[in-house]
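The values are calculated or read from the model by the stated rules, or taken from the named source; none is laboratory data. Predicted model only: the values in this text are computed from it and were never measured. Backbone-built Cβ (ideal geometry, glycine too); neighbour counts: all protein chains shown. Please note that ligands, DNA and RNA were not included when accessible areas were found on the heavy atoms of the full protein model with its side chains. Shrake-Rupley method; radii C 1.70, N 1.55, O 1.52, S 1.80 Å.
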Amino acid sequence: MMWETVWKQGKIAYGGDYNPEQWPEETWEEDMRLLKLAHIDTLTLNVFSWAALQPSEEEYSFGKLDKIMELAKKHGMKVCLATSTGAHPAWMARKYPEILRTEFGGMKRKFGGRHNSCPNSQVYRKYTVRLAEKLAERYQGYGNIIAWHISNEYGGACYCENCEKAFRVWLKGRYGTIEELNRAWNTSFWGHTFYDWEEIVAPDTRSEHLGAEQTVAQGISIDYQRFQSDSILDCFRLEYDAVKKYTKDIPVTTNLMGAYKPLDYQKWGKYMDFISWDSYPSNEDSASKTAWNHDLMRGVGGGKPFILMEQTPSQQNWQPFNALKRPGVMRLWSYQAIAHGSDSVLFFQMKQSIGGCEKYHGAVISHAGHGHTRVFREVEELGRELEQLGGEILGSVGTAETAVLFSWENWWAAEYSSGPSIRLKYEEETLKYYTAFHRQNIPVDIVGQEDDLLKYKLVVAPLLYMVKDGTDSRIREFVEKGGTFVATYFSGYVDENDLVAIGGYPGKLRDILGIWVEESDALPEYKTNHFAYQGQEYPAELLCDIMHLEGAEALARYQEDFYVGTPVVTRNSFGDGQAYYVGTRSNDGFYQNFMAELCKEQQIKAAAEAPEGVEAVTRVREEGKSYLFLLNHGEESQEFTVPNAAKELLTQKEYTKGECFTLPAKGVGIFMGQAGHAKE
């Protein structure tokens, strides 16, 4: 499907979740007036209306939704139409209690909340599909529907008997025989051997788990994570097929949640027409962490543009401290999303609820009920700018020559591991390397273990504990053909079944890296070792690999403890490329300097030379246009020297080479030029 068919209005979509069913009909026209005043053009409708649409098992009532759909059409609004299946009706839970989830500790839920449905309940699946199909059949003639929004923020693992039975079926499909399952799970450990599929139970605190992150049988627990992700994905796919039956040309999505651990989004991305996600950073989050999530979601979609489905115009409702977005921050973060690949700016929510847990979540139309608020004025101004930009940026893509490898299955495996340290956090370590690039404005793609690496010059794979079948071959080919690869401590230990690679760490990566790790010392939080690199001393924390060289050269050595003098940072020539190994965790200064050196070696350039605190990101079009985004996350204005003649799109001003552009605090600039201009 061509990307241009997603947003038919030819501009960056602007708007978000609107819930008129929560309000008297006589208020709807005033809502429309205010939303039009704010330059809103896209509404996400029908997200949580299942109970209203289906009052009983055989009764459906679309009268109010018909009015809402006509309201949107009358006012020229594009619609992202949701299927409402994120929260089942109360009558369904009462009549069919099997649809209710069972929690990790074995507690059976009652009706309430959302994502409270067992993903393997055939009753639940039957009625989600039926509702999705009825919606598609009824509204297929509405030309203003630009996308289907299946359910909402999928989540909620289940440990009920439905899931236990479905898990056994899933395992038969994965392993074929009980003998192969016993081998993969190493069930000779602690007498866990299974002789019949019916003996297998869900891994939770009633069976294999000591806590959410502590399991005595990692292979079983990792497979249950895979199974639950697949089960929930199956629910999405069933609804996907239901709406496609009547509206095959309307693209389908569901809103993802960034680095959300329970669901393997890299697998999900293969079944979505386009990626959309909900961005809710706190005020304390770094610019690099927010950018990381945008790039992660773009990577899930294969590098194509994504849709920012939700953000708040102001405060959130679920943080420990729900601080306001300071003046200019909503605009800044919206353009940051666009810079990293979004072709939309959508909010939750258009109008603030008067009851429920989200009644104090920010909205375009606040409880004040008018447009004379700071937030409304900021939304209105951004809407005006997006109308001015039109479709100029739509469909353009990133320019990265550098990739960071990230894997959900590796995430599960690394943090289920019994040792070596409770402080070991996969996303945190990956973010450290990503941040080193981000602070230097080096474009980065986030790739998975199954992705092609050959288009990159530099690939970093932090904490690649689980090396799936074929991953080492892709890395090996990448390095042999001239690429630079970086691995870290706790890499190459296990296969996809969490079985240790015999013969020494880092297992299948050993020949590429030219080292052998004999032991790894886990340091408590208060203790550090040290090493010197390029004349500067850095800390060695968390884990310290004690390794032997097998062709690699030592670039740095430990300075303390019984392994003083042994290598900690190494480089190995392999084919036409280089493979580096960092055997410990260090500080931000090391990561930044180390990555800067490798980028210099590979002639990888920043998007632009920008002042500290100013993020620079580039998107490009096939026809050669480039768009350089400058985002000032600081509290002071900054001066940027324009590298080549270019037009600044927000002011429509033409700049000559070397001219100065003033970027106010929280300010944004977008320079349009020829691809490659900003890097010269």
- Task: For the range 132-155, enumerate the residues that are assigned to a loop (DSSP other than H, G, I, E, B) and among the charged types (D, E, K, R).
- Result: GLU153
- Item | Qualifying residue in the range 308-327 (condition: more than 26 Å from ASP264 (Cα to Cα), hydrophobic (A, V, I, L, M, F, W, C), in contact with a Leu (Cβ under 7 Å, 6 or more places away or on another chain) and surrounded by fewer than 22 Cβ atoms within 10 Å (Cβ to Cβ)) | no
- Exactly one of ALA259, ALA291, ALA202 is surrounded by fewer than 21 Cβ atoms within 10 Å (Cβ to Cβ), at pLDDT 95 or above, out of contact with any Lys or Arg (no Cβ under 6 Å at 6 or more places or on another chain) and farther than 25 Å from TRP50 by Cβ, and that residue is ALA259
- State whether one or more residues within the range 131-147 are farther than 29 Å from GLN22 by Cα and surrounded by fewer than 18 Cβ atoms within 10 Å (Cβ to Cβ). no
- Among the residues of the range 250-270, which ones are closer than 22 Å to ALA339 by Cα, in a loop (DSSP other than H, G, I, E, B) and either in contact with a helix residue (DSSP H, G or I) (Cβ under 6 Å, 6 or more places away or on another chain) or among the acidic types (Asp, Glu) (or both)? THR254, GLY258, ALA259
- Which one is surrounded by the fewest Cβ atoms within 10 Å (Cβ to Cβ) among residues in the range 541-571 that are under 18 Å from MET595 (Cα atoms) and of a type in the set (Gly, Ala, Ser)? ALA554
- Residues of the range 504-540 being open to solvent by 50 Å² or more (accessible area, probe 1.4 Å), in a loop (DSSP other than H, G, I, E, B) and under 16 Å from VAL564 (Cβ atoms), which ones? LYS527, THR528
- Message: Residues that are open to solvent by less than 20 Å² (accessible area, probe 1.4 Å) and at pLDDT below 95: list the strands (runs of 3 or more DSSP E) wholly contained in the range 583-654 that include at least 2 such residues.
- Response: none
- Message: Suppose we keep only residues that are within 30 Å of ASN116 (Cα to Cα) and among the small types (Gly, Ala, Ser) within the range 161-193. Which one would you say is least open to solvent (accessible area, probe 1.4 Å)?
- Response: ALA166
- Query: Checking PRO55 against (1) at pLDDT below 95; (2) in contact with a Ser or Thr (Cβ under 7 Å, 6 or more places away or on another chain), which test does it fail?
  - Reply: (1)
- When only residues in the range 391-449 that are free of Cβ contacts under 8 Å to residues at least 60 places away in the same chain and open to solvent by 30 Å² or more (accessible area, probe 1.4 Å) count, which is farthest from GLY299 (Cα to Cα)? ILE422
- Among the residues of the range 543-592, which ones are over 30 Å from LEU454 (Cβ atoms), of a type in the set (Ser, Thr, Tyr) and in contact (Cβ under 8 Å) with a residue 40 or more places away in the chain? TYR563
- Query: Out of ILE232, ILE220, ILE275, ILE250, which single residue is β-branched (Val, Ile, Thr), open to solvent by less than 30 Å² (accessible area, probe 1.4 Å) and either within 25 Å of THR435 (Cα to Cα) or modelled with pLDDT under 95 (or both)?
  - Reply: ILE275
- Query: Can you pull out the helices (runs of 4 or more DSSP H) entirely within the range 1-116 that have at least 3 residues that are surrounded by fewer than 17 Cβ atoms within 10 Å (Cβ to Cβ) and in contact with a helix residue (DSSP H, G or I) (Cβ under 7 Å, 6 or more places away or on another chain)?
  - Reply: none
- Query: What number of residues within the range 522-542 satisfy the criterion of being hydroxyl-bearing (Ser, Thr, Tyr) and touching a residue at least 24 places away in the same chain (Cβ under 8 Å)?
  - Reply: 2
- Item | Sole exception among (1) surrounded by 18 or more Cβ atoms within 10 Å (Cβ to Cβ); (2) within 27 Å of TRP185 (Cβ to Cβ) for THR484, by number | (2)
- Note on the structure: Those residues of the range 130-161 which are closer than 20 Å to ARG101 by Cα and more than 29 Å from the chain's Cα centre (by Cα) amount to GLU161
- Task: Answer yes or no as to whether ALA678 is at pLDDT 95 or above, among the aliphatic types (A, V, I, L, M) and not in a strand (DSSP E or B).
- Result: no
- Task: Tell me, please, whether a residue that is at pLDDT 95 or above and of a type in the set (Asp, Glu) can be found in the range 297-315.
- Result: yes
- Item | Every residue from the range 224-266 that is of a type in the set (Asp, Glu) and more than 24 Å from LYS425 (Cβ to Cβ) | ASP230, ASP234, GLU239, ASP241, ASP249
- Message: Restricting to the range 264-288, count the residues that are of a type in the set (A, V, I, L, M) and over 26 Å from LYS248 (Cα atoms).
- Response: 1
- By residue number, the members of the range 354-379 that are within 28 Å of the chain's Cα centre (by Cα) and of a type outside the set (Phe, Trp, Tyr) are GLY356, CYS357, GLU358, LYS359, HIS361, GLY362, ALA363, VAL364, VAL375, GLU378, VAL379
- Item | Odd one out for CYS158, checked against (1) open to solvent by less than 10 Å² (accessible area, probe 1.4 Å); (2) assigned to a helix (DSSP H, G or I); (3) in contact with a Cys (Cβ under 6 Å, 6 or more places away or on another chain) | (2)
